[in-house]
Amino acid sequence: MSTTLIANWKMNGDAGRAREWAFTINRQLADAPAHVQVVLCPPNPYLSIAGMALPGNARLKLGAQNCHAQTNGAFTGEVSAAMLKDCGCAYVILGHSERRVMGERDADVLAKAEAAIAAGLTPVICVGESQSEYEKEAMKDVLSAQLASIKGLPLGAYLIAYEPIWAIGTGKTPSELEIAAAHSHIKTVLGSGVHVLYGGSVKADNIGKILEIDSVSGALIGGASLEIISMGALITAAAMRVRK
Ligand code: PGA
């Protein structure tokens with residue numbers, strides 16, 4: 001099983017950072033064990049710039065942070081999955097909580113995921129409960145509702161990222177038992193073969209413990225993925241993971 005680290009830059013970074021980050025992290029990956037994979041998801045304008053810094057046989061893949069459900073048309077400001085594929089993307093993050101608060105619904109996430117798979121991209125579908133849902137111990141119900149629409153997608157064609165909203169950018173993380181319980185619930189709903197990542201305040205000093213959880217296939221990392229040094233430390237920690 002591989003360990004996938006997804007760097008979600010959100011609306012941060014610039015051209016120089018995209019170039020340097022891609023070049024440096026790709027070189028570091030050459031020395032990491034084969035189970036460690038990295039996906040860089042910068043803002044769309046920097047995808048091609050990052051791609052140009054990657055020589056052939058790159059162990060570092062590119063991903064986008066969203067796509068439109070249609071292939072083309074009169075959708076000003078939008079980008080299709082096929083366009084992302086054309087720019088060198090292999091992955092696309094979908095249903096991130098920061099997009100769900102902008103109005104993205106489960107049905108939109110499904111339509112985008114279908115478009116992404118049809119275009120040859122692997123969607124990384126984000127699910128997770130809010131602080132108040134967590135306090136009401138409603139994590140399983142929230143996940144079940146979010147996952148219901150995507151149950152028909154071919155297993156293996158997508159990844160799930162369990163991202164409790166209360167852990168994103170807050171420095172708080174669930175306990176290892178809580179992460180394991182959420183991942184186990186996701187696998188019960190979708191099938192045991194689904195690969196599930198964890199996201200929310202992942203840092204170099206906690207990723208080791210998180211990756212010790214058997215059901216965790218990797219991490220979706222926001223803030224700590226921006227700096228080359230802290231991303232490098234995350235890769236070093238992931239490289240020490242003992243794969244079973
Ligand atoms: P964070 O963000 O690592 O900064 O908490 C994670 C995410 O939003 O994907």
For this session: For the chain, just the Cα set please: Rg and Dmax, both in angstrom.
Result: 16.7, 49
Seminar exercise, completed: Counting lysine pairs in region 107-244 that sit 8 or more positions apart or on different chains, with Cα atoms under 25 Å apart, gives 18
Seminar exercise, completed: SER130 and ALA148 label points (each 7 Å along its Cα→Cβ direction) are spaced in nm at 1.8
Problem set entry | Helix-derived mean residue ellipticity, 222 nm - over the chain, DSSP H n ≥ 4, -39500 (n - 2.57), to 500 | -10500 deg cm²/dmol
Seminar exercise, completed: Ordered by fewest other Cβ atoms within 10 Å, a rough proxy for footprinting exposure, THR76, THR24, THR3, THR122 read THR76, THR24, THR122, THR3
Exercise. Length gain on complete extension for the stretch GLN70 to GLU212, per 0.36 nm per residue less the alpha carbon to alpha carbon distance?
Worked result: 47.2 nm
For this session: Using all C-alpha to C-alpha distances in region 147-224, build P(r) with 5 Å bins and read off the rounded percent in each one.
Result: 3, 16, 29, 24, 15, 10, 3, 0
For this session: Please work out the ratio of the alpha-carbon Rg of region 99-244 to 2.2 N^0.38 Å and round it to two decimals.
Result: 1.03
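Only the coordinates and a few stated rules stand behind these numbers; no lab work does. The model shown is predicted, which means the values in this text are computed figures rather than measured ones. Counting neighbours? That spans all protein chains shown, and the Cβs are built from the backbone with ideal geometry, glycine included.
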